[in-house]
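The values are calculated or read from the model by the stated rules, or taken from the named source; none is laboratory data. Worth saying up front: this structure is predicted, and the values here are computed from it rather than measured. Using ideal geometry, Cβ is built from the backbone for each residue, glycine included, and neighbour counts are taken over all protein chains shown. In case anyone asks, the SASA skips ligands and DNA or RNA and just uses the protein heavy atoms, side chains included. Shrake-Rupley method; radii C 1.70, N 1.55, O 1.52, S 1.80 Å.
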Amino acid sequence: MKTPRYLVAVHPQRIAHRFTDILIIGGGIAGLRAALAVPESLSVTLITKDQLDCSNSAKAQGGIAAVLDPLDKFEDHVRDTLVAGAGLCDQDVVEMVIREAPLRIHELLTWGTHFDQKADAKTEGHISLSREGGHSYNRIAHANGDATGKEIVRALIESVRHRQNIQVYEQTCTIDLLTSNRECRGAFVWNERFGQTAVWAKQTILATGGAGQLYRETTNPKVATGDGMALAYRAGAELRDMEFMQFHPTVLYIAGSSRSLITEAMRGEGAHLIDRFGYRFMPDYDSRAELAPRDIVSRAIVDQMEKTKHSNVYLTLAHLDADYIRHRFPGIGEVCAKFGLDLTKDRIPVRPGAHYMMGGVTVDHEGRTTLPGLWAAGEVTSSGLHGANRLASNSLLEALVYGAHAGVGAAAAATQTDGLFQVPEIDDPDDTVEKMIPDETIVYADVQNALKSLMWRNVGVRRDAQSLSDAIEQIDIWSRFVYGRQFDSPEGWELQNMVCTAKLMVKSALERQETRGGHTRIDYPEQDPKWHHRITHRRC
């Protein structure tokens with residue numbers, strides 16, 4: 001079934017209307033930073049489908065990468081990023097983002113972000129820096145040990161709350177982007193208080209985050225369902241590199257419990273990966289051992305699980321200083337303690353899980369998408385920074401840099417737009433499904449769980465043509481099922497977004513007949529230069 005342009009019938013004369021200069025969809029670091037980049041003379045409406053502090057950004061543990069030590073070099077950070085990206089990074093983008101990093105860290109400090117400091121009295125006031133996989137130098141700034149994202153989000157939220165020109169609407173679902181004459185003019189949204197509302201904007205910024213919830217095993221919060229990618233696709237924007245989901249190697253694996261990220265910073269501090277027999281296996285796979293890029297470590301873990309016929313491997317920190325580990329990783333220590341595990345003594349069961357989406361909406365250096373009037377920043381995008389495999393702790397940096405660029409660019413474009421708001425004629429108003437089906441006719445959780453299990457089995461760490469073809473066949477069935485009806489609740493719209501984004505990911509994975517970065521094809525195990533150019537998707 002063809003993907004409909006709109007998930008619900010849009011009747012402008014029957015719904016409420018709001019008008020704003022800048023509409024920002026998403027409340028993570030990218031969306032918050034974009035809002036702060038808009039001059040206070042312009043009105044900003046920021047919409048998020050959950051609470052403002054519920055995002056992938058807020059859950060980020062490891063930190064943010066930046067060249068802050070005089071002995072470190074921009075060139076080295078650039079090289080590390082390019083190596084991890086496996087030939088698909090845009091070097092100009094990499095240079096730009098990495099050279100802006102110190103400025104973005106300074107901004108965070110001025111807004112009240114508290115990074116961990118060096119304990120040595122001689123270096124008072126200097127940010128403590130650690131190392132993670134793929135980095136050649138200690139350049140990861142962290143906060144509260146393993147709660148960096150939470151601290152950055154806290155500071156940004158406080159700054160946003162103090163801006164009189166920014167209105168925040170939480171618990172608000174974005175149903176679709178609104179377009180007129182093939183330009184983005186805002187979004188069609190819903191919340192429990194106001195119902196369906198058309199929010200008309202001079203410029204719109206998409207910052208909805210990733211798609212980890214498409215997988216059974218994931219570190220992502222419940223909101224990361226690929227909504228922004230589906231919204232952009234239906235509106236006609238270009239997407240690229242949708243096959244590149246990064247699987248984090250170390251996710252706490254205890255049957256029956258929710259999955260929790262075990263930050264890569266642990267391996268940066270010296271933690272070892274061992275199998276069920278206590279054997280440290282990573283040196284067998286890569287000379288960098290536990291500090292190899294994430295795609296290499298994830299594949300090695302899966303291989304070792306198969307060799308040992310065991311459901312997981314283990315992280316051990318027993319050989320490290322216990323007091324330092326407790327201080328460095330307090331949050332993870334608390335999580336492990338809930339399951340009777342002592343981080344400093346016990347073997348911590350881990351296995352890979354879907355973590356970060358490297359493909360997404362195509363953007364240029366300033367955050368412009370291919371759809372006029374629409375900008376994007378953060379994990380929802382494909383900016384060219386990460387290539388085929390994200391270097392650890394570059395994601396928060398990208399969100400800050402592109403959030404700032406998108407906010408500045410959208411604001412400049414808005415000031416050049418006619419100041420009088422009018423409700424335009426929307427594109428393709430009748431291109432939607434026809435009949436309303438009551439919510440009780442479909443069990444959302446059942447379909448979601450089936451989709452997530454399929455994606456984990458067939459589109460996971462390792463893939464092949466048969467499993468990917470089987471996945472497309474099954475998703476096509478679900479597409480007819482969920483797109484053959486018009487829902488009237490966020491659960492239904494979210495499910496439709498998940499099916500849309502999943503299909504784009506599977507099709508891309510089937511088309512790319514090589515192994516590169518986070519995309520592993522066991523039937524095409526080598527990297528092939530002919531697949532260097534990115535695969536693109538556009539609905540219309």
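Pairs of alpha-carbon atoms within less than 8 angstrom and 6+ residues apart define the contacts here; what relative contact order does the chain have, in percent?
23
Suppose a student asked you for the relative contact order of region 5-118, using Cα pairs under 8 Å spaced at least 6 residues apart; what percent would you report? Intermediate results must be reported in sequence, preceding the final value.
Working: 71 pairs, mean separation 21.1, N = 114.
Relative CO of region 5-118 lands at 19 percent.
Loop-only trypsin sites (Lys or Arg not before Pro) in region 1-86, please: DSSP not H, G, I, E or B, and at most 16 other Cβ atoms within 10 Å. Intermediate results must be reported in sequence, preceding the final value.
Working: sites: LYS2, ARG5, ARG14, ARG18, ARG33, LYS49, LYS59, LYS73, ARG79; in loops: LYS2, ARG5, LYS49, LYS73.
Counting only loop positions with at most 16 other Cβ atoms within 10 Å, the trypsin sites (Lys or Arg not before Pro) in region 1-86 are LYS2, LYS73.
Specify the angular offset, from 0 to 90 degrees and rounded to the nearest 10, of the alpha carbon long axis of helix 465-483 from the longest principal axis of the alpha carbons in the chain.
40
Report the Cα centroid-to-centroid distance between region 445-518 and region 1-49 in angstrom, as an integer.
Each part's Cα centre sits 26 Å from the other's.
Not counting ligands, DNA or RNA, and with a 1.4 Å probe, what is PHE188's accessible surface area in Å² rounded to the nearest 10?
Surface accessible to solvent at PHE188 totals approximately 0 Å².
If I take every Cα pair under 8 Å that is 6 or more residues apart in region 142-217, average their sequence separation and divide by the length, what percent do I get for the relative contact order?
It rounds to 16 percent for region 142-217.
Can you pull out the trypsin sites (Lys or Arg not before Pro) in region 463-540 that DSSP calls coil and that have at most 12 other Cβ atoms within 10 Å?
Passing both the DSSP loop test and the Cβ count: no residue.
If HIS310, HIS532 are ordered by their accessible area, calculated over protein heavy atoms with a 1.4 Å probe, which sequence runs from highest to lowest?
Most to least solvent-accessible, the answer reads HIS532, HIS310.
Given a 1.4 Å probe and heavy atoms of the protein chains only, how would you sort TYR444, TYR6, TYR279, largest accessible area at the top?
TYR279, TYR444, TYR6
CYS500 accessible area, nearest 10 Å², 1.4 Å probe?
Estimated to the nearest 10 Å², CYS500 gives 10 Å².
Counting only protein chains, not ligands or nucleic acids, how are PHE194, PHE481, PHE115, PHE74 ordered by accessible area (probe 1.4 Å), most first?
Details: PHE194 110, PHE481 75, PHE115 10, PHE74 55 Å².
From most exposed to least exposed: PHE194, PHE481, PHE74, PHE115.
If you fit an axis through the alpha-carbon atoms of helix 74-84 and take the longest principal axis of the Cα set of the chain, what angle between them do you get, 0 to 90°, nearest 10?
Value to nearest ten degrees: 80.
By how many degrees, 0 to 90 and rounded to 10, does the Cα axis of helix 444-458 deviate from the longest principal axis of the chain?
50
Beyond 47 Å, how much of the Cα-Cα pair distribution for the chain remains, as a whole percent?
Values: 11675 of 145530 pairs.
In whole percent, the share of Cα-Cα pairs in the chain beyond 47 Å is 8.
Using just the helices of the chain, give the 222 nm mean residue ellipticity in deg cm²/dmol: DSSP H runs with n ≥ 4 each add -39,500 (n - 2.57), and the total is spread over all residues, rounded to 500.
After summing the helix terms and dividing by residue count, I get -10500 deg cm²/dmol.
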